[in-house]
Amino acid sequence: MKKAFIFDLDGVIVDTAKFHYLAWRNLAKGIDFDFTTAQNEQFKGVSRVRSLEILLEMANYKATQEEKDAWLVQKNVEYLSYIQKMDQSEILPDVPRVLAYLIEKQQGIALGSASKNARPILERVALLDKFHAIVDGNDVTTAKPDPEVFVKGAQALGAAAKHCIVFEDSIAGIQAANTAGMTSIGIGDAAVLHEADHVFSDFTEMSNDFLDTLIQK
Ligand code: B16
Ligand code: MG
C-alpha cells in the first residue's frame, strides 16, 4: 500500500542544530548572556521568531521591536554562512538508505520542517530531488506543535492522515504528528520523545523490515 512518509529536516535528515546554536550563542553574547547547548534543546522544531522570544526570556532582556527585527536578520545571516559550507557529509547516518528504500517501494515522501531555509539546505546536501513535496517555514502560519506543517505535507501527497508516517526529533513535532492523527516516529532519545508511537536513536536502528511493517499497516 502506498503511504506518505513525512520527514522533519533539522535533527532528522541533517544536524543543523549545531549551526543554529552557534548563531544564537553569538547573538546572546551581544546582550551578555551565556547561551548553553542544553538551553539550545528548547529551540528544536521551534520557529525562529519564537526561538528569539525564548532566548530573550532566558536572558531576561526586554528588547524593542527594532532590536528583534535586526537580530532575526543578523542570526539568519550567520546561520546561512554555516549552511553554505554544508555538503553530503552532513547527512545523518542511514538517511540515504531509508530514502532509497522508500523510493524503491514507491512510497510518497515529503518534507515537513519549521525552517525557512529548508530548500537551500536540501540543495547543499543533494537531497532535494528525493522529495515529492516540500512544506517548510515559508508555507505555514502556525508552528509545531500545531499540525499545520504535516497536514499540508499530507495534502501535497494526496494522503489521508491515517496513512501518514512522520519522522521527528522534537517533542513539539511529535505532538503535531499525534494531533494530526498520523503515526509518529521519534528520532532521538526515547525518554524525551516518549509521546511518539515508536522511537529510534537514529536511522541505523531502523530496519527495512520495520519500514515494510509501516508500508503494510
Ligand atoms: P530557520 P525543523 C527547525 O527545523 C529547527 O529545529 C529550529 O531550531 C529552527 O528554529 C526552525 O527550524 C526555524 O529555522 O531559522 O532556518 O527558519 O527541525 O522543523 O526541520
Ligand atoms: Mg527537527
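General observations
- Compared with the alpha-carbon gap, the fully stretched path from residue 192 to residue 210 is longer by 4.3 nm at 0.36 nm per residue.
- Most fluctuating residue given options 100, 196, 154, as computed from a GNM of the chain linking Cα atoms under 10 Å: 100
- Local electrostatic count at residue 217 - Lys and Arg +1, Asp and Glu -1, tallied over other residues with Cβ under 10 Å: +1
- Here the Karplus curve 6.51 cos²θ - 1.76 cosθ + 1.60, taken at θ = phi - 60°, turns the phi angles of segment 113-123 into couplings of 10, 6, 7, 7, 9, 4, 4, x, 5, 4, 5 Hz, with x standing for Gly and Pro.
- Segment 17-83 shape via C-alpha gyration tensor axes, a/c threshold 1.5: rounded
- Note on residue 53 and residue 34: their simple-model spin labels are 2.8 nm apart, each label 7 Å out from Cα toward Cβ.
- Considering only 45, 153, 181, the Gaussian network model of the chain with Cα springs below 10 Å gives its largest mean-square fluctuation to 181.
- A Förster distance of 30 Å, applied to the separation of the beta-carbon atoms of residue 81 and residue 201, puts the FRET efficiency at 0.50.
- Here the residues 31, 6, 103, ranked from fewest to most Cβ neighbours within 10 Å of their Cβ, fall in the order 103, 31, 6.
- Between residue 109 and 5, 132, 133, the built amide H atoms are under 5 Å apart, and every one of these is 5 or more places off in sequence or on another chain.
- Residues in segment 169-192 that a label on residue 42 would reach, taking backbone N under 15 Å of a point 7 Å out along Cα→Cβ: 171-172
- Whether the chain is rounded, prolate or oblate, judged on the alpha carbon gyration tensor where a/c under 1.5 counts as rounded: prolate
- Gaussian network model of the chain, springs between alpha carbon atoms under 10 Å - residue of 66, 195, 90 with greatest fluctuation: 66
- Seen from residue 131, the other residues with C-beta closer than 14 Å to its C-beta sum to a net charge of -2, counting Lys and Arg as +1 and Asp and Glu as -1.
- For residue 25, net neighbour charge (Lys/Arg +1, Asp/Glu -1) across residues whose Cβ lies under 11 Å away: +1
Where a number appears in this text, it was derived from the coordinates with a stated rule and is not lab data. Note that the structure is predicted; figures quoted are calculated from it, not measured. Note: ideal-geometry Cβ built from the backbone for every residue, glycine included; neighbour counts use all protein chains shown.
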